[in-house]
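Presented below is the structure to which this report refers.
The values are calculated or read from the model by the stated rules, or taken from the named source; none is laboratory data. Bear in mind the structure is a predicted one, so any value in this text is a computation, not a measurement. Every residue, glycine among them, receives a Cβ derived from its backbone with ideal geometry; neighbour counts consider all protein chains shown.
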Amino acid sequence: MNQDDLKKSVAQAAVDYILPKLENDTLLGIGTGSTANFFIDLLGEHKAKFDGAVASSEASAERLRKLGIPVYELNAVDQLAFYIDGADESNAGLQLIKGGGAALTREKIVTACAGEFICIADESKWVEILGAFPLPVEVIPMARSLVARELVKLGGDPVHRAGCITDNGGEILDVHGLQIQDPVGLESAINQIPGVITNGLFALRSADVLLLATDSGVKTLYPAR
Ligand code: 5RP
C-alpha cells in the first residue's frame, strides 16, 4: 500500500470507531491535513448521524461545509465528543508532534475541548523519540528572531517557514535537530518564551488513542505508561 492508501484506511477506521458512538447532538472536532481530509470526505456519508463539527482550520471548515456538514464556531459550543486529527510524529506515549500543516494552535485549542482525542496516522509517523520531524512553533511575527534565539538555547536549530502565515496571522519556526527526551518539559519551556503562540508538541494533552495504519491493517494503540 502507498501512503495515501494507508491514510485512507486509517480514515475509514476512525469512521468505524466513532460511528457506533454518534448521537443526534454529537459534536466533533476535526483536524487538518491530508489524513484528516480523507476522514472528512468519508464523514460526509454519515452527516445525518451527528449534529456538526468544529474545525481546526479554515481549510477543513470549508471542506466540511462543501459536504453539507454544519460547522460551528468553537465559542458557540461547549464540549466536543471527539477530536480526530493526524500527526507528524507519535511516540509510544501517544505524545505527538503536529503542525506540519501550520494549524497547530487551533488544533491544540480544539483538542482541549474534546472528550477523546483520536489520532489517525500511517506507520511512517511512528517514532521512538520525537524530534526527527522539525518541531513547528507558531510565533507573533515581531517576536520571530527573539523566539529563534531562545530556541537555539534550548538546543534546536529553528528555520523560518518562508511565506507561511497561519489562520491566526502567526508565522512558523520549524525547529530542527531536536531529540526530545522530555516532551512535557520541552512543551512547557517553549510555551514560556515571550512571543510564542503555540508549539507543536502535544504532550501535556496527548492523544487518547492512536489508529495506526500499517501494511497488515490498522492497529488501535493506547498510551504506554
Ligand atoms: C497540521 C497537522 C497534521 O495533522 C499533520 O501535519 C499531519 O498531516 P498529514 O495528515 O497531511 O500527514 O498537524 O497542522
Checklist entry - Residue check, Asn75 against (1) under 30 Å from Pro183 (Cβ atoms); (2) touching a residue at least 12 places away in the same chain (Cβ under 8 Å), all met but one. Which one? => result (2)
Next on the checklist: If a residue must be more than 18 Å from Ala81 (Cα to Cα) and not β-branched (Val, Ile, Thr), how many such residues does segment 20-41 contain?
Outcome noted: 5
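Name every residue in segment 64-84 that is in a helix (DSSP H, G or I) and farther than 26 Å from Ser206 by Cβ, in order of residue number. So that I can check it myself, show each step before the final result.
Filtering segment 64-84 for residues in a helix (DSSP H, G or I) gives 64-66, 74-76.
If the condition is that a residue be in a helix (DSSP H, G or I) and farther than 26 Å from Ser206 by Cβ, then Arg65, Lys66, Ala76 are the ones that fit.
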Checklist entry - What about Ala92, is it surrounded by 13 or more Cβ atoms within 10 Å (Cβ to Cβ), more than 15 Å from the ligand (Cβ to nearest atom) and part of a strand (DSSP E or B)? => result no
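If you scan segment 31-61, which residues turn out to be of a type in the set (S, T, N, Q) and touching a strand residue (DSSP E or B) at 6+ places or on another chain (Cβ under 8 Å)?
Taking segment 31-61 as the starting set, the residues that turn out to be of a type in the set (S, T, N, Q) are 32, 34-35, 37, 56-57, 60.
Residues satisfying the conditions are Thr32, Thr35, Ser56, Ser60.
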Next on the checklist: Given the options Ala11, Ala61, name the one that is assigned to a helix (DSSP H, G or I), among the aliphatic types (A, V, I, L, M), closer than 26 Å to Gly217 by Cβ and modelled with pLDDT of 95 or more.
Outcome noted: Ala11
Checklist entry - Is it fair to say Pro141 is out of contact with any Pro (no Cβ under 6 Å at 6 or more places or on another chain) and in contact (Cβ under 8 Å) with a residue 24 or more places away in the chain? => result yes
Item to check | Matching entry among Ala87, Ala81, Ala76 (being within 20 Å of Leu211 (Cβ to Cβ) and either exposed (fewer than 15 other Cβ atoms within 10 Å of the Cβ) or more than 11 Å from the chain's Cα centre (by Cα) (or both)) | outcome: Ala81
Checklist entry - (1) within 16 Å of the ligand (Cβ to nearest atom); (2) of a type in the set (Phe, Trp, Tyr); (3) surrounded by fewer than 23 Cβ atoms within 10 Å (Cβ to Cβ): which one isn't true of Phe50, the others all being true? => result (1)
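Residues Thr198, Thr166: which one is surrounded by 14 or more Cβ atoms within 10 Å (Cβ to Cβ), among the polar types (S, T, N, Q), more than 20 Å from Ala132 (Cβ to Cβ) and touching a helix residue (DSSP H, G or I) at 6+ places or on another chain (Cβ under 6 Å)?
Residue meeting the stated conditions: Thr198.
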Checklist outcome for this item: Reported set for segment 179-204 where residues are within 19 Å of Gly86 (Cβ to Cβ) and assigned to a helix (DSSP H, G or I) is Pro183, Glu187
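Going through Ile165, Ile172, Ile120 one at a time, which residue ends up being within 15 Å of the ligand (Cβ to nearest atom), within 26 Å of Leu27 (Cβ to Cβ) and not basic (Lys, Arg)?
Working: Ile165 fails: within 26 Å of Leu27 (Cβ to Cβ); Ile172 fails: within 26 Å of Leu27 (Cβ to Cβ).
Testing whether each residue is within 15 Å of the ligand (Cβ to nearest atom), within 26 Å of Leu27 (Cβ to Cβ) and not basic (Lys, Arg) leaves just Ile120.
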Next on the checklist: Quick check on Thr32: is it away from the ligand (no atom under 16 Å from the Cβ), among the hydroxyl-bearing types (Ser, Thr, Tyr) and farther than 17 Å from Leu210 by Cβ?
Outcome noted: no
Checklist entry - Quick one: Glu138 ticks every box in (1) assigned to a strand (DSSP E or B); (2) more than 11 Å from the ligand (Cβ to nearest atom); (3) charged (D, E, K, R) bar one, so which box is it? => result (2)
